[in-house]
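Novice: Shown below is the structure under consideration.
The values are calculated or read from the model by the stated rules, or taken from the named source; none is laboratory data. Nothing here was measured: the structure is a model prediction, and the numbers come from that model. Here the Cβ is made from the backbone with ideal geometry for all residues, glycine too, and neighbour counts use every protein chain on show. Quick note on the areas: whole protein, heavy atoms, side chains included, nothing else; ligands and nucleic acids left out. Shrake-Rupley method; radii C 1.70, N 1.55, O 1.52, S 1.80 Å.
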Amino acid sequence: MPETRIPSPADPQLELDPAESALLDASGADAAADADAAAQPRKSRTLYADAWYRLRKNRLAIAAIIWIVLIVALAVSADWWIPRTFGDPRSIDSTQALGTRYLGPSAQHWFGTDDMGRDVFGRVAYGARVSLTVGVVATVIETILGVIIGSIAGFFGGVVDAVIMRITDIFLAFPYLLFAIIVMAVLPQEYRGVGTVVAVIALLGWASTARLVRGSVLSVKENDYVQAGRALGASNLRLMFRHILPNAIAPALVVATMNIGGAILSESAMSYLGLGIQLPQISWGGMIDSAQRFMMNHPALTIYPGVAILLTVLAFTLLGDGVRDALDVKMED
Amino acid sequence: MGLYILKRIGQFIPVFFGVTLILFLVANFLPGVDPVQMKVGEKAVTPQLRAEITKAYGLDKPWYIQYVNYLKNLAHGDLGNSLKTGRPVKDILLEKYPYTLKLSLCAIAIEAVVGIGAGVISAVKQRSFADIITTLLTSISVSLPVFWLGLILQIVFGIWLKNVTGGAFYLPISGASGPLPTWMYYIMPSIVLACVSTGYTARIMRSQLIEVRSADYVRTAKAKGLSGRRVLWGHEMKNALIPVLTFIGIDFGVMLAGAILTETVFNWPGVGNAIATAIFSRDFAVVTGGTTVILIMVMVISLLVDIGYALLDPRIRLSGTGE
């Protein structure tokens, strides 16, 4: 079980854990931040303002944020300029297709064209839409489910806790991808698509978040201020939302950030196997699947969508690491 | 310790029934799934055929009776017959499993050596250049789509470096034939299969070792005048390794399951590839049978690993419960 240490507002000054911030330190930011803090009396900052302050000092995390912003901007803006600039990457222009197949990179087609004469950069942009949608929506759903279920288990304890934890054990016993694959495999083809991919990922992903949140709720609920709230007659709901969750949620945020990347990886694997996003909808995994048939002569077609997956997932991994250090959450990988 | 093991087995039982129940429900009762169609594959189902199959497989019985029947068949090792070849699924899996097992063993060896090595280096030389590079590399390795890594290796070694490698590296192994000695065909698939787990192993090793290094008994050992090397191997690693070995053990089970992508990319003749092929040919008996066996293996392996953990960790070995 991941061991968590929860930063609480009671800590007057959150110290960076040296073990967790090697990268941060490498940029010299740690020392600068400390000197900064020592030199001037600090305005009292909230936990999250403090975390944001530290996140900004982490160069890798900033690079990750920049990449995420770029790829989101590309995905959102695709309709406005991609079809006009490069030709519509979603459809095949039959009068042109033969002449424009397998073109190399040029000003006209930044990443060249594919086997149907479609612009590869445009296809990567439209693929980003699917991947980001799946990653974010699935993660939001699984995090909400996990937080609710985990906090119920941690807060009420006893039989409720025992039953919920046995159920999470069952879900944690499934190798994630394998189960996703079998669900998608038994579903008839017309049922496969963004909706089912999101549902499958979310349905399998909530358990680890629930377990994590349960652990931190368990430790937070012993704090004096929670007992004080209870003594003053606060309702369970109020205790939960005012006192416990705000202090127990940090590990879930860290894991959620990394889970976006994980969901994108799962989606690409499913689409690569032909079980996820179905043609003609564009997905990065699907692009790799079609490109591998021409791998011998046109390896570049395989490389672009893969690099897009790698960089995007890496960005969420690094951002997750950064958020973990910034919020000073200790957890085992 | 006996108590701990009993408790752990007690935990295993509901998980076993839960997992098999979910698998059974998914394969038979998921919206849009027609269990009769799944028994015949792509063949058209006439009303008469439907009635026959429903009767033959007891599909008109309530779900819990069907589940009990499914468990009974499972206990007898009866996983049904392949819809394509008519061979028992059990035989197909028995034939394929050695390949998956061998590949997983190679990958586990890579994971253990490289992962632990990288983790130790970056923990001992914390904040050094080597640490930063290792941390970045492990972040990349856990973010890689494995199937894509497999394709890239094939492009690099099979196509771009064809003059050096003879272009044979991306070929599937095909028994004894092939231009290279058999073991060479294991290199790329096992690297690909090991890649993600190696990153995780290194990350866990690093954080464990760093945590242990600030413990009191380590300071005592140093104060006694032991050399850095003896402190590291005699005292620190002894404790830091336990969680890492647990992870690697559980990962072995997951690898047997996760090899589906690696095996597909390299056309490896293992269970994962058999399942992937069966998905495309809609041979559901192989898909569900193969998945069931893999899931049970994963659960059993993680049970064994936990028991091994109890043997390794003196806190559990001596106290009895571990809590």
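Novice: Taking the alpha-carbon distance from B:LYS125 and a cut-off under 23 Å, which lysines remain once sequence neighbours fewer than 8 residues away in the same chain are dropped?
Specialist: Here the lysines satisfying the reach criterion relative to B:LYS125 are A:LYS57, A:LYS330, B:LYS222, B:LYS224, B:LYS238.
Novice: Also, quick follow-up: Other chains near B:135-146: what is the mean number of their Cβ atoms within 10 Å of each residue's Cβ?
Specialist: Per-residue shielding by partner chains comes out at 6.
Novice: Put simply, what bits of the range B:25-40 lose 30 Å² or more of accessible area when the other protein chains are there, versus the chain on its own (1.4 Å probe)?
Specialist: B:VAL26, B:LEU30, B:GLY32
Novice: Positive end of the dipole of chain B, charges at C-beta (+1 Lys, Arg; -1 Asp, Glu), about the Cα centre: which of B:ILE121, B:TRP63, B:THR20 has its Cα farthest in that direction?
Specialist: B:ILE121
Novice: At a 1.4 Å probe, what is the % contribution of carbon and sulfur to the accessible area of the range B:89-320?
Specialist: Carbon-and-sulfur percentage of accessible area, whole number: 68.
Novice: How much of A:TYR126 can a 1.4 Å solvent probe reach, expressed as accessible area in Å² and rounded to 10?
Specialist: Rounded to the nearest 10, that gives 10 Å².
Novice: What is the local net charge at B:ALA109, summed over the other residues whose Cβ is closer than 13 Å to its Cβ (Lys, Arg +1; Asp, Glu -1)?
Specialist: -1
Novice: Further, regarding this structure: For B:GLN48 and A:GLU190, FRET efficiency with R0 = 35 Å and r from the beta-carbon atoms, rounded to 0.05?
Specialist: Working from the Cβ atoms, E equals 0.85.
Novice: When N counts the residues of the range B:1-133, how does its alpha-carbon radius of gyration compare numerically with 2.2 N^0.38 Å, as a ratio?
Specialist: Here the answer is 1.65, to two decimals.
Novice: Please find the FRET efficiency linking B:LEU94 to B:LYS55, where r is the Cβ-Cβ separation and R0 is fixed at 41 Å, and quote it to the nearest 0.05.
Specialist: 0.85
Novice: For the peptides A:153-163, B:92-102, what is the packing order when you average, over each peptide's residues, the other Cβ atoms within 10 Å and list the highest mean first?
Specialist: B:92-102, A:153-163
Novice: Taking R0 as 51 Å, what's the FRET efficiency between B:GLN11 and A:ARG84 from their Cβ-Cβ distance, rounded to 0.05?
Specialist: With a Förster radius of 51 Å, E is 0.30.
Novice: Further question on the same structure: Tilt of helix B:47-56 relative to the longest C-alpha principal axis of chain B, in degrees (0 to 90, nearest 10)?
Specialist: 60
Novice: Any lysines with Cα under 21 Å of the B:LYS90 Cα? List them, leaving off those in the same chain fewer than 8 positions away.
Specialist: B:LYS39, B:LYS72, B:LYS102
Novice: What would the Debye equation give as log₁₀ I(q)/I(0) for the range B:89-320 at q = 0.12, 0.13, 0.17, 0.18 Å⁻¹, counting only Cα atoms as equal point scatterers?
Specialist: -0.77, -0.87, -1.21, -1.29
Novice: Under the definition of partner shielding as Cβ atoms of other protein chains within 10 Å of a residue Cβ, what is the mean value for peptide A:183-195?
Specialist: Going residue by residue through A:183-195 and averaging, the value is 4.
Novice: Ok, one more. What number, rounded to the nearest 500 deg cm²/dmol, is the helix-based mean residue ellipticity at 222 nm of chain B, given -39500 (n - 2.57) per DSSP H run of at least four residues and division by all its residues?
Specialist: Calculated from helices alone, the mean residue ellipticity at 222 nm is -23000 deg cm²/dmol.
Novice: Can you order the peptides B:77-85, A:194-202, B:226-234, B:269-277 by their average number of other Cβ atoms within 10 Å per residue, highest first?
Specialist: Sorting B:77-85, A:194-202, B:226-234, B:269-277 by mean packing, highest first, produces B:269-277, A:194-202, B:77-85, B:226-234.
Novice: Still on this structure: Between A:ALA162 and B:HIS76, what is the label-to-label distance in nm when each label sits 7 Å out along the Cα-to-Cβ direction?
Specialist: 3.7
Novice: Could you grab the relative contact order for the range A:212-333? Cα pairs under 8 Å, six or more apart, rounded to a whole percent.
Specialist: 24 percent.
Novice: Would you mind checking the tilt of helix B:89-110 against the longest principal axis of the Cα atoms of chain B, expressed as 0 to 90 degrees and rounded to 10?
Specialist: Taking Cα atoms only, the helix is inclined about 20 degrees.
Novice: Just read off the accessible area of A:PHE294 with the full protein assembly in place, 1.4 Å probe, to the nearest 10 Å².
Specialist: Counting only protein heavy atoms, A:PHE294 exposes about 40 Å² to solvent.
Novice: What does the buried accessible surface come to for B and A, summed over both chains, with the probe at 1.4 Å? Round to 100 Å².
Specialist: Using a 1.4 Å probe, the pair buries roughly 4900 Å².
Novice: Please compute the average number of Cβ atoms from other chains found within 10 Å of each residue's Cβ in peptide B:14-23.
Specialist: Rounded to a whole number, the mean comes out at 4.
Novice: Using the per-residue mean of other Cβ atoms lying within 10 Å as a proxy for protection, in what order, highest first, do the peptides B:145-152, B:54-61 fall?
Specialist: Descending mean neighbour count gives B:145-152, B:54-61.
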